[in-house]
1. Compute the accessible area per residue over region 217-264, keeping the other protein chains in place, probe 1.4 Å, unit Å².
2. Taking all protein chains in place and a 1.4 Å probe, what share, in percent, of the accessible surface of region 24-106 do carbon and sulfur account for?
3. Taking a virtual spin label 7 Å from the Cα of residue 280 along the C-beta vector, which residues in region 343-385 bring their backbone nitrogen under 15 Å of it?
4. Please give the charge dipole size of region 100-141, origin at the Cα centre, charges +1 on K and R Cβ atoms and -1 on D and E Cβ atoms. Round to the nearest 20 debye.
5. I need the shape label for region 186-226. Rule: rounded when a/c is under 1.5, else prolate if a/b > b/c, else oblate, with a, b, c from the alpha carbon gyration tensor.
6. In what sequence, highest mean first, do 345-354, 263-272 appear when ranked by Cβ atoms within 10 angstrom?
7. Could the peptides 366-378, 389-401 be put in order, highest first, of the mean number of other beta-carbon atoms found within 10 Å of their residues?
8. Specify whether the C-alpha gyration tensor of region 60-206 places it in the rounded, prolate or oblate class, a ≥ b ≥ c being the square roots of the eigenvalues: rounded for a/c under 1.5, otherwise prolate if a/b is larger than b/c and oblate if not.
Amino acid sequence: MAYLEIRPAKLAGKITAPPSKSMAHRAVICAALAGGKSTIRGVDYSDDILATMGAVRALGAEITPVGDTLTVQGIGGRAPRQGTALVDCNESGSTLRFCIPIFAALGCPAHYVGRGNLGKRPLAPYYGIFDAQGMPYRKREDTLDLWVEGKLAPAVFSLPGDVSSQFISGLLFALPLLGEGAAVRVTGELESRQYLDLTLAAMADFGVKVRNREHREFTLGERCAYTPCGYTVEGDYSQSAFFAVANALGSSVEVGNLRADSLQGDKAALDILARMGAGQGRLRATEIDASGCLDVIPVLALAAALAQGTTRIVRAGRLRIKECDRLSATAQELNALGANIEEGPDSMTITGVEKLRGGCVWSHNDHRMAMMLAIAATCCEEPVLLKDPECVSKSYGHFFRDYEKLGGIIHEQQHRTNP
């Protein structure tokens, strides 16, 4: 499937939020490191989760999927496999950055490969640690082809807080494998701390209690190890944000399976939309700090594109190193539909327009761009012709099935034609 023609139509009805990709990654990793058998319920087999499942299998964990439930026989803090593990991360940054310190802490040599822009996403914080400990590694530029050997020794690992919380989470997962003398310190301003809270919560569910000193230093309170458990993955606020924006723009979708007390950072989308006056007529412009909720910024930019006034989205520079340059792609594709967006180095200035025209747009092979543009079609005067929509499989493979269930009108096309 190369193109989808998406006709203007408001969405209405009820759906169930897909399981949280963030929490599923974490649960699979913790279960794989536990000494025994765990059950993880509510798993959506997106491309990213399949990558993490493959990675922990390469480590030696046994995973048996039945329906949406995984049975995981963990390795108990030891790497039973011999030789170099091949870790295919596909396009999953979480898989890559979570697994590198875990494999290294267990002394398991690994060869990391991947696709798309994953090889362009920074790994410098880990290279600095390897250099400091004299651990051998070799890499290729602009593609993911990374070999890491040796065994990571316990140390106080200092990491910048403004690159990606995934590095910090990866080392947090490794703490119980490293033992005494290991700690993680955060230098500078910490962004995306909500994702660290998700990591700490998952580790706690699997028996590892981490001492958290105001998100500046993390240590183990006492000697502890991952223990198996039964776990249910909560619903995903990142994916639900697309329908929340659709509602703010005139649709009527009820999304179930969301925890009101969730720690997910992308839950902030609901507060931002409320600040913009969702449910009270036309949306109003606001200022949006992107640093804690990067994944929902493209769809919030859509909301701002149709709001009254001028919205500023700031501290969004890390959007440039996602599956695509989401700052540039969001501005480019929404402008193609009739929006008025100016792109800055780490920001967007969005002057609201009354309506969007429709037209031909590209997902940039980025799942969140594809879903955002489908929601944009609900507000266009003419159809939207979306190139490369199948990339939604990275996180929400049945998105377009849900979209049609809610009354969305889509038609597959093999070639570009004028919508």
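The values are calculated or read from the model by the stated rules, or taken from the named source; none is laboratory data. Predicted, not measured: the structure shown is a model, and the values here were computed from it. Cβ coordinates were reconstructed from backbone atoms using ideal geometry, including for glycine residues, and neighbour counts include every protein chain displayed. When the accessible area is computed, the model is the full protein with side chains, heavy atoms only, and any ligands, DNA or RNA have been set aside. Shrake-Rupley method; radii C 1.70, N 1.55, O 1.52, S 1.80 Å.
1. Values: 1980 Å² over 48 residues.
On a per-residue basis, region 217-264 sits at 41 Å².
2. Details: 1190 of 2620 Å².
That share works out to 45 percent.
3. In region 343-385, the label zone of residue 280 (backbone N under 15 Å from the point 7 Å along Cα→Cβ) covers no residue.
4. On the way: 6 positive and 2 negative charges, 49 e Å.
Rounded to the nearest 20 debye, it is 240 debye.
5. Working: a/c = 3.57, a/b = 1.57, b/c = 2.27.
Oblate is the answer for region 186-226, as a/c is 1.5 or above yet b/c matches or exceeds a/b.
6. Numbers: 345-354: 17.5, 263-272: 20.7.
Those peptides, ordered most packed to least, come out 263-272, 345-354.
7. Numbers: 366-378: 27.3, 389-401: 19.8.
The peptides rank, most packed first, as 366-378, 389-401.
8. Values: a/c = 1.23, a/b = 1.10, b/c = 1.11.
Here region 60-206 falls in the rounded category.
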